[in-house]
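Peer 1: Next up is a structure, given as structure tokens.
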Amino acid sequence: MNTLNFLVIGKNQEILDTLKRIIENNEGWKATILSDETKCYDLIKNIDVDLVLLSSGLEEQFEKDIKTFCENLDKNVKVIDHYGGGSGLLKNEVYTLFPNLQP
């Protein structure tokens with residue numbers, strides 16, 4: 001895997017922009033940000049997404065639904081609940097799911 005493609009979903013645009021910057025500060029990591037949950041299903045199906053990052057402001061039912069949706073895809077899309085904690089925590093969450101990416 002040369003590039004790790006994130007789809008970051010949340011309701012706070014400032015946090016989404018910060019997460020995009022933090023993610024893309026890592027070599028080979030790309031982020032698409034989205035604040036409209038209804039659009040994420042098509043995006044996950046139609047673009048190359050390795051990891052869905054759930055940020056703040058999302059409804060609990062949506063979080064359950066998107067996890068189930070990703071689990072049932074043939075694409076092996078991973079999901080992380082991320083509610084802050086800094087770039088170190090985010091890296092640890094990613095490396096837990098993708099240990100082969102650890103430097």
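Peer 1: Taking the Cα centre of region 22-98 as origin, work out the dipole magnitude from +1 charges on Lys and Arg Cβ and -1 charges on Asp and Glu Cβ, in debye rounded to 20.
Peer 2: Dipole of region 22-98, to the nearest 20 debye: 180 debye.
Peer 1: Obtain the nm distance between the two label points defined at F98 and D48 by a simple spin-label model: each point lies 7 Å from its Cα along the Cα-to-C-beta direction.
Peer 2: Going by the 7 Å Cα→Cβ label model, 1.1 nm.
Peer 1: Quantify how much of the Cα-Cα distance distribution of region 11-59 extends past 18 Å, in percent.
Peer 2: 30 percent
Peer 1: Over the chain, give the accessible area per residue in Å² for a 1.4 Å probe, as an integer.
Peer 2: Heavy-atom accessible area per residue stands at 58 Å².
Peer 1: Another question, then. Give me the percent of the accessible area of the chain that comes from carbon and sulfur atoms, probe 1.4 Å, all protein chains in place.
Peer 2: Percent of accessible area from carbon and sulfur atoms in the chain: 44.
Peer 1: Modelled label-to-label distance, E63 and I22, 7 Å Cα→beta-carbon offset: nm?
Peer 2: Output for this residue pair reads 1.6 nm.
Peer 1: Also, quick follow-up: Given the DSSP H assignment, sum -39500 (n - 2.57) over each helix run of at least 4 residues in the chain and divide by its residue total; what's the result at 222 nm in deg cm²/dmol, nearest 500?
Peer 2: Rounded to the nearest 500, it is -12500 deg cm²/dmol.
Peer 1: Right, another one. Determine which lysines satisfy two conditions relative to K11: a Cα distance under 23 Å, and not lying fewer than 8 residues away in the same chain.
Peer 2: K20, K30, K39, K45, K64, K67, K78, K91
Peer 1: Put +1 on the Cβ of every Lys and Arg and -1 on every Asp and Glu Cβ in the chain; which of L89, L53, Q13 then has its Cα farthest towards the positive end of the dipole?
Peer 2: Towards the positive end, the residue furthest out is L89.
Peer 1: With the radius of gyration and the Kirkwood radius both derived from the Cα set of the chain, what is their ratio Rg to Rh?
Peer 2: Radius of gyration over Kirkwood radius for the chain works out to 0.92.
The values are calculated or read from the model by the stated rules, or taken from the named source; none is laboratory data. What you are looking at is a predicted structure, and each value in this text was computed from that prediction instead of being measured. Positions of Cβ are backbone-derived with ideal geometry, glycine not excepted, and every protein chain shown enters the neighbour counts. SASA here: full protein model, heavy atoms, side chains in, ligands and nucleic acids out. Shrake-Rupley method; radii C 1.70, N 1.55, O 1.52, S 1.80 Å.
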